[in-house]
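What follows is one structure encoded as structure tokens, with my remarks underneath.
The values are calculated or read from the model by the stated rules, or taken from the named source; none is laboratory data. Every value quoted in this text rests on a predicted model; they were computed, and no experiment measured them. All Cβ positions, even for glycine, are placed from backbone atoms using ideal geometry, and neighbour counts span all protein chains on display.
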Amino acid sequence: MPYRMTERRPALALSLRVSGRSALVVGSGPGAEERTSRLRAAGATTRQVAPDDYETDMCAGVFLVVAQTGDPEVDRRVAADGRAAGALAYANDQPDVSDFGFPALARRGPLSFAIATDAAAPALARRVREELERLLEEVGPALDGLLDELERERAATSPGAARAERLYRMASRLRFAGRLAVDGAGD
């Protein structure tokens with residue numbers, strides 16, 4: 001029997017460019033540090049504040065507000081403040097009050113795989129990420145070389161159908177040789 005989605009808000013998968021945009025992260029634990037790090041790596045101008053130092057007016061003029069305090073009620077309030085100020089808001093582990101989520105991310109150079117489950121199974125997204133990271137490491141230098149070739153070809157040729165087809169043929173050298181499997185019944 002195929003999986004049936006329970007009632008939830010499905011998410012639109014996209015890559016959001018945040019370079020030069022402002023972000024506020026409210027929280028001080030490992031989760032907040034990880035969110036701050038990801039935002040900064042993507043080029044966002046990010047301010048991280050401890051929950052005790054948070055004030056509602058900090059959301060003014062901010063593009064993204066991330067609430068990762070460890071207290072669900074505080075996270076909800078911070079997300080609501082962010083939305084009221086016109087920002088996209090995220091409350092940790094609360095997709096019902098969040099405008100976006102942070103997918104599990106496997107990355108090698110400019111190639112990234114974002115794994116999301118629309119909050120149905122974050123542990124599964126983490127596990128898929130771990131397997132993808134393992135596969136990316138295994139193919140390592142060969143994949144790096146292919147990425148370099150594709151980037152050079154893209155830069156050297158004009159946009160259009162011929163370039164797109166040539167790039168796709170080049171990219172088709174990448175093969176997925178494994179298969180997915182689910183072992184036995186769960187715990």
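Here are the numbers for this structure:
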{"item": "Complete set of residues in segment 115-153 that are farther than 17 Å from Pro95 by Cα and of a type in the set (A, V, I, L, M, F, W, C)", "result": "Val128, Leu132, Leu135, Leu136, Val139, Ala142, Leu143, Leu146, Leu147, Leu150"}
{"item": "Unique match (being modelled with pLDDT of 90 or more and loosely packed, with under 11 Cβ neighbours inside 10 Å) among Ala171, Ala161", "result": "Ala161"}
{"item": "Pair list, Cβ < 8 Å and 6+ apart or interchain, from segment 149-167 residues that are assigned by TED's automatic domain parsing to the domain that holds Leu111 to residues that are of a type in the set (Ser, Thr, Tyr)", "result": "Arg163/Thr157; Arg166/Thr157"}
{"item": "Residue in segment 155-168 that is over 19 Å from Arg35 (Cα atoms) and of a type in the set (Phe, Trp, Tyr) present", "result": "yes"}
{"item": "Members of segment 140-171 found to be in contact with a helix residue (DSSP H, G or I) (Cβ under 9 Å, 6 or more places away or on another chain) and part of a helix (DSSP H, G or I), listed by number", "result": "Leu143, Leu146, Glu149, Leu150, Glu153, Arg154, Arg163, Arg166, Leu167, Met170, Ala171"}
{"item": "Considering residues of segment 38-73 that are in a helix (DSSP H, G or I) and within 20 Å of the chain's Cα centre (by Cα) only, the residue surrounded by the most Cβ atoms within 10 Å (Cβ to Cβ)", "result": "Leu39"}
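Rundown of residues vs (1) part of a helix (DSSP H, G or I); (2) at pLDDT 95 or above; (3) of a type in the set (S, T, N, Q); (4) buried (at least 17 other Cβ atoms within 10 Å of the Cβ), yes/no style:
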position: Asp75; (1), (2), (3), (4): yes, yes, no, yes
position: Ala80; (1), (2), (3), (4): yes, yes, no, yes
position: Tyr90; (1), (2), (3), (4): no, yes, no, yes
position: Asp96; (1), (2), (3), (4): yes, no, no, no
position: Phe100; (1), (2), (3), (4): no, no, no, no
position: Ala106; (1), (2), (3), (4): no, no, no, yes
